Each structure stands twice: as C-alpha cells, then as structure tokens.
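Below: the structure, in structure tokens.
Where a number appears in this text, it was derived from the coordinates with a stated rule and is not lab data. Model, not experiment: these values are computed from the prediction. Heads up, the Cβs are rebuilt from the backbone with ideal geometry, glycines too, and the neighbour counts pull from every protein chain shown.
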Amino acid sequence: MSTSTKTIQDLTEQEYKYGFVTDIEAETIPRGLNEEIIHLISEKKHEPEFMLEWRLKAYRHWLTMKEPTWHNVHYPPIDYQAIFYYSAPKMKKAPKSLEEVDPELLKTYEKLGIPLAEQKLLAGVAVDAVFDSVSVATTFKEKLAELGIIFCSFSEAVLNHPELVRKYLGSVVPYSDNFFATLNSAVFSDGSFAYIPKGVRCPMELSTYFRINAAETGQFERTLIIAEEGASVSYLEGCTAPIRDTNQLHAAVVELVALNNATIKYSTVQNWYPGDREGKGGIYNFVTKRGRCLGVNSKISWTQVETGSAITWKYPSCILQGDNSVGEFYSVAVTNNYQQADTGTKMIHIGKNTRSTIVTKGISAGHGQNTYRGLVKILKGAANARNYSQCDSLLIGDKCGAHTFPYIEVKNSTSRLEHEASTSKIGEDQIFYCRQRGISTEDAVNLIVNGFCKEVFRELPMEFAVEAQKLLGVSLEGSVG
Amino acid sequence: MLEIKNLRAKVGDREILKGISLTVKTGEVHAIMGPNGSGKSTLAQVLAGRDTYEVTGGEATYQGKDLLEMAPEERARQGLFMAFQYPVEIPGVSTMYLLRAGLNAARKQQGLEELDAMDFLSLVKEQAKLVEMDESLMNRSVNEGFSGGEKKRNEIFQMAVLQPKLAILDETDSGLDIDALRIVANGVNRLRGPDRAIIVVTHYQRLLNYIVPDRVHVLYEGRIVKSGGKELALELEDKGYSWIEEKLARA
Ligand SMILES: Nc1ncnc2c1ncn2[C@@H]1O[C@H](COP(=O)(O)OP(=O)(O)OP(=O)(O)O)[C@@H](O)[C@H]1O
Ligand SMILES: [Mg+2]
C-alpha cells in the first residue's frame, strides 16, 4: 500500500502544465455587458454594419432568455456583468506577418508546444492562434490561398469576405439558438474561418489553438467552416488556459456547412484548466457546435477528447439534411477531481438514407461526474435512416458518477436504430494483474483507459491521437489509490 | 532464491497465514498442496505483493533482497511471476500489449534496450507455438471471453514470454483437459533450469507425474504441516488430508 499511495501523491501534486500566465500588455474594455459594450467591440473590429446589427439582435434576444438548468452540472450563478468581454494583446497595428507578432506571444505558443514560425511547423498543419479575444497569427495562409482555400481569423473574414460570412453566419446555429450561443452571437470577438472551394481537398490539417490568458475575461470565439461541393477538410482544435482560482467562462460557437459530396472532419482536444484538486477555479465551457450536412452524400464527423474544464457542456451535432448524408460523433470525456461534464450529441435525420454513428466513452475518477446526453431524431421524410449508438462509461474509484440520457424520437418507421451501453469499473484486481506483469499503477490505468478509448482515438489524426493519449494520462494521474 | 521465515498475514481481523517457513533454492521445483481454504493462494499473492493481505510478521528474502519491501511491479521486473488461480479479464487491452509493456518495463530496469515491435513479435510467436496457443487469443483483450482452460494457458504463455526467475503457479492445472495439462507441464519443464525456481500449487498428483517436484509441502490452516519428497504427493492422493488431520490431532 505504502509505495503505491506515495507515487499517487507525487503525481496528483503535479500541476497543470499549461497553467502559466503570459505577461503582456492587454487592451480591455470596461467590465460588464450592455449595448454600448457591443458597439465598442464591433467598433474595435471595424465591422460592417450588418455585423453590428446581428450582434445587437442577439443581445436583445439574450435579455429575454434564461440560463438553462436541465443539465446535470452544478455551479454558482455566473455574474454576467462582472466579466470582461474583450481583451486583446496590445499591438501597435495588426500584424501583417509573423515577424510583426509580439515575441512574448510567439514564446507563449512555443511553450504550449505550438510553434507558429512556419519553418518549424509540422508540415501539413496550418495553425490559427487565438489569444484571449483575438487571432494573433495564421500560418500557411498564402500556400492555401493558391488553392482558393480561405483560412483566416473570423475578424478578417468579416472584413475581407463579408458575402460568405453574411450567407452562412447563423445558418447552422441561429443567433437565437440557446442562452450561451446567443450570448456568443452578441459578444464574440474572434475565432477561425475556413472556406474550401468546390472540388478542393484541403492538403493539410487546419488547426486553431485557443488560449485564454487575461483574468476575469470570457472567451467567446466563433468558428465557421464551409466545404463547397466535393470539397474536404480536416480541422483540429486545441485549447488551454492559465491556472486561476476563479472560474472563467468560455462560450464558443462552431458552425460547419457541408454541401453536396463534401466532407468535414472536426477534431477537438479540449484541455482548458480543470480547476484544482479541491474543485477551485477552472473554465466553465459552454459550447454550441453544430454541423449541417446540406448537400447529398455529405459527411460531417466530430471527434472530441474532453479532458479539461471544470464544467463541460457541449453537444456537437449534425443536421443530416441532404439525402445519403452521414453524421458521426466520437467522444472521450474525462472527469477527475471535481470536474463535471454533460456532453453528447444530436443527430437530426431529415434526408433519406441518412446515417449516423455515435460512439462515446465517459471516464470518471475522483469526485468527477460524467453525463452522456444524446438525441437521435428521425423525421418523417427520413426514409431508411440508420443510427448506431454506443455509450460506454468507465469508473475509477467509488466517489465518481456516470449518467446516461439517450433520447430517441422516431417519426419514420423504415428507420433502424441500435443502441448499446455499458458501465465498467477499473478493478483493483485488474491493476494488480498488470503490476504482477511488471507494469506500474499509472501505466496500468493508462493501458486500461487507452484500451477503453481505442475506438475514438482511432478517429483522430495521428499526431493528435498521441497527444490525446498523453493528455488522458495526465488528467487521470493519481486517480487510483 | 526464496527464503520465507515464519510469515504471517491477515485479511481484516482474520489471520490466514500463521507462520510459514519455506526455502526454495535455485534449480528446484516445489509443490504446495493442501485442502481448500488452507491459504495456498494467499501465500502466492502475498509473495506477489497483493496489498489486500497485511503481512503481520516474519520475513521473505528473494535473491538476497527483502521481498516484502518491494512493490508488486518491482518484484515482477526482478523475475517473480505468478500465474493466477483466477486470471482477471481486462477489456480493451490485448495480451500482446500487456506483455510488451511488462517486458519492456523489466528490460528498462535492467538497463536493456526496449524490444521493438518486430523483435517482440517474433519472440511472442515463438513462445506461442511452444505453448500451442492460438495467435488470435493473444490479440484479443486479456482473458476477455476466454474459456477456463484458455485463461490458464494464457498464463503459461505469459510466463514463457517473460522467462521469470521464480514462477509461482496457482492451480494452473485446474480445469484443464489432458492435452492442455501436458502443454502446461511442458511449459513449466522448459522453464526449469539451474538458475530458476518454480513453485506449483496444485490439488492433483497427476500434474506431478509430468512436473516431478523436488519437494512437496502440505499447507493446512495457514501452516506447512508436512514436507517431503515427491512420494508425499502420492501418499496424499492415496490417503487424503484427513490422514494429516488425524496425525495433527494426535500430536
Ligand atoms: N480477500 C479476502 N478476504 C477475506 N477472506 C479471504 C480473502 N482471501 C482469502 N480469504 C480466506 O482465506 C482463506 C484461505 O484462502 P486461499 O484462497 O488462500 O485458500 P486456498 O488454499 O488457495 O484454497 P483453494 O484450494 O480453494 O484455492 C479462505 O478461508 C478464504 O476465504
Ligand atoms: Mg487457491
């Protein structure tokens, strides 16, 4: 007992590796939220009139909304007037190239393992880096432009491609969608934008890295990805935040649009600061992600590995509108210590022969609470729709919890749905068996957890999968006593 | 190789091992027999380091080191292997993966280079052939959905790959058909050698026809009450444990 308890103590005391703060002068606007603030944000970004109007419409709608309470997460009330809605690292002018980016910022990303200098970048990944409220650098822009691919910050897209933004913004997640998405619509500051033209297969992974730095600041980014007819793209999203003992709000929106025969693969490794062992601090992650398979034979695939945040509230969903379109959701969600996750997906089958697959792996350790919440909806016109769902939970220790809420609504009798669910526990006998073969307790837990998550990791791009495995190991350190 | 002196262990308030002394020298094979519930598995697990059992007295020295001070994985890396009486299932982890992690952990400790995937595969294939284990089994999750006999064979296969210095087999012969019994026995005999030692826990003399032990011990209510040569096993088979019980009662 003594030896294993000791290593476990050592491990739990290991800190969140990305918890440092960058000392950089920031430009913020006054705390709180009102129409003036929204004007100010829009002004700072030199937005066209239509954007400001959209924001104001959202804000006015938000005032009529109530924060949802149906979820299985608990937190003290959020004071929306205490938050700073905009923070940007001070730059004399918008950087035109990487050379003009503040070296402090470049160093930050270097420390996070995301080198922005293009020559150092892993070939095949273009990165957009978002720091607090603004995008600080987008790499490989020119190379992508040769193919007609637009990959830039959302702010730039608003200025340079207003027609595309106007056409698709809110087309998947309307400004009135839900409390957090509506708040985002009113105050979102930046995010990434990608447009893949007709018939183009994006030759490299597109990636956005989100970083919250400033204290008491909310991060509200917005991502919009459009794949035109026959286009395909794989997009990766990563995120971290400093250790702070107050909770910080992150309310993002992601919209994906896939036209005829287009494919979008969206992968997330979410590692926001989860709070300390007593549950103090951490990010409140309230995110709305949705994709619309607008065209026939289109496909949208979500893969997420959620290891961070004090609270995770997100349901990446697919609206399967085009005939024969395909939606997929692969998820690993980990809750350790006092983390809470309420996550899942919605698959809305509208078109004929639409198919969806849901594979979720919830891992709870410590006092963590992990909820899967999913909806499969087959509408009247969705003849021959198919869904396969598999929801597995793994418990480590006996103070944590796993909950599953699968909802099904079927309005077409030709559809076929399959649902499987399981709950298992890492047993002391399994750990001992591994140790008897020479494997340490931590490695044994990793082995078992990775085995449990295999089907999801398989869906991640190679390098991300390795990263995800490591991350899982770190977030579960000390979970077995 | 292994020297146990007056070892005592308990679970909760219940004392299960009540002072066990046993010396196993390199090159030797010892058999431990005894009625159900006498403490055979407890002894094996205490030697392997399971912390369910609290050691309350005595000592155990393994290769000159204090065994009881070592973590279970440490014991394993230093060559102690236990074949479980009831091997556990580990969903999602293949036997191959488990073995590779275990083997490399031991090699790392010994300052050896980790085996790469190719070398490991050829080692594993060779051993699988020797214990006549179907290759599909080792690519499946550890023991998941294995038959009773397959689980036991999987233990012997792992032993063959890990090549332990001291192997403790806890009723690996139970529930095996005749062919499997022969395979298990061959696996053990192949491991037998001047620098290794083996302890087999068994209820059946028939295993000892294949694996001829140097010493046989009878464990009874947490104590070794009788030790002898291989003929002791025959005597037990013949007279049963009541014979020992009576002798103890008379003493
Ligand atoms: N974890 C435990 N908790 C409570 N009692 C235990 C535990 N492990 C063993 N025992 C008890 O200790 C005694 C010895 O058990 P052990 O498994 O060592 O017997 P054994 O000699 O291996 O028997 P068998 O021949 O049936 O395998 C039994 O009475 C058993 O119930
Ligand atoms: Mg036993």
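Observations on the structure shown:
- Any hit, the range B:21-41, residues being farther than 17 Å from B:Pro164 by Cβ and within 14 Å of chain A (Cβ to nearest Cβ): yes
- The set of residues from the range A:428-439 being at the interface with chain B (Cβ under 7 Å from one of its Cβ atoms) and over 9 Å from B:Gly102 (Cα atoms) comprises A:Asp429, A:Gln430, A:Phe432, A:Tyr433.
- The range A:380-411, residues that are buried (at least 21 other Cβ atoms within 10 Å of the Cβ) and within 27 Å of the chain's Cα centre (by Cα): A:Asn387, A:Ser389, A:Cys391, A:Asp392, A:Ser393, A:Leu394, A:Ile396, A:Cys400, A:Ala402
- Taken over the range B:183-225, the residue count meeting the criterion of being in contact (Cβ under 8 Å) with a residue 60 or more places away in the chain and assigned to a strand (DSSP E or B) is 13.
- Among the conditions (1) within 14 Å of chain A (Cβ to nearest Cβ); (2) within 8 Å of ligand 1 (Cβ to nearest atom), B:Gly12 misses just one, which is (1).
- Residue count for the range B:21-50, restricted to those that are within 13 Å of ligand 1 (Cβ to nearest atom) and within 28 Å of A:Ile439 (Cβ to Cβ): 12.
- Qualifying residue in the range B:175-184 (condition: within 16 Å of ligand 2 (Cβ to nearest atom) and more than 13 Å from the chain's Cα centre (by Cα)): yes
- Hits in the range B:49-65 (condition: more than 16 Å from ligand 2 (Cβ to nearest atom), surrounded by fewer than 21 Cβ atoms within 10 Å (Cβ to Cβ) and within 21 Å of A:Ser440 (Cα to Cα)): B:Asp51, B:Glu54, B:Lys65
- A single entry from A:Ala382, A:Ala468 fulfils the requirement of being among the small types (Gly, Ala, Ser) and either closer than 18 Å to A:Thr307 by Cα or within 12 Å of another protein chain (Cβ to nearest Cβ) (or both): A:Ala468.
- Cβ separations smaller than 8 Å between residues 6+ apart or across chains give the following pairs from the range B:72-86 residues that are more than 8 Å from chain A (Cβ to nearest Cβ) to residues that are among the acidic types (Asp, Glu): B:Ala83/B:Glu155; B:Ala83/B:Asp170; B:Gln85/B:Asp170; B:Gln85/B:Glu171.
- Of the residues screened, B:Leu68 is one that is away from ligand 2 (no atom under 13 Å from the Cβ) and closer than 20 Å to B:Asn6 by Cα.
- Among the residues making up the range B:51-83, a single one is polar (S, T, N, Q), closer than 29 Å to B:Tyr204 by Cα and away from ligand 1 (no atom under 12 Å from the Cβ): B:Thr61.
- Listed by position, the strands (runs of 3 or more DSSP E) contained in the range A:220-329 that have at least 1 residues being of a type in the set (Asp, Glu) and in contact (Cβ under 8 Å) with a residue 24 or more places away in the chain are A:232-240, A:253-258, A:299-306.
- In the range B:1-48, residue surrounded by the most Cβ atoms within 10 Å (Cβ to Cβ) [restricted to those that are within 14 Å of ligand 2 (Cβ to nearest atom) and without any contact (Cβ under 8 Å) to a residue 12 or more places away in the chain]: B:Gly37
- Of the criteria (1) crowded, with 16+ Cβ neighbours inside 10 Å; (2) closer than 30 Å to A:Thr423 by Cα; (3) within 16 Å of ligand 1 (Cβ to nearest atom), which one B:Tyr86 fails: (1)
- Residue match in the range B:201-208 (condition: away from ligand 2 (no atom under 16 Å from the Cβ) and surrounded by fewer than 18 Cβ atoms within 10 Å (Cβ to Cβ)): yes
- Scanning the range B:117-144 for residues that are small (Gly, Ala, Ser) and free of Cβ contacts under 8 Å to residues at least 40 places away in the same chain turns up B:Ala117, B:Ser122, B:Ala128, B:Ser136.
- Qualifying residue in the range A:435-451 (condition: within 24 Å of the chain's Cα centre (by Cα) and buried (at least 23 other Cβ atoms within 10 Å of the Cβ)): yes
- Verdict on B:Ile183 being farther than 28 Å from B:Gly58 by Cβ and touching a Lys or Arg at 6+ places or on another chain (Cβ under 8 Å): yes
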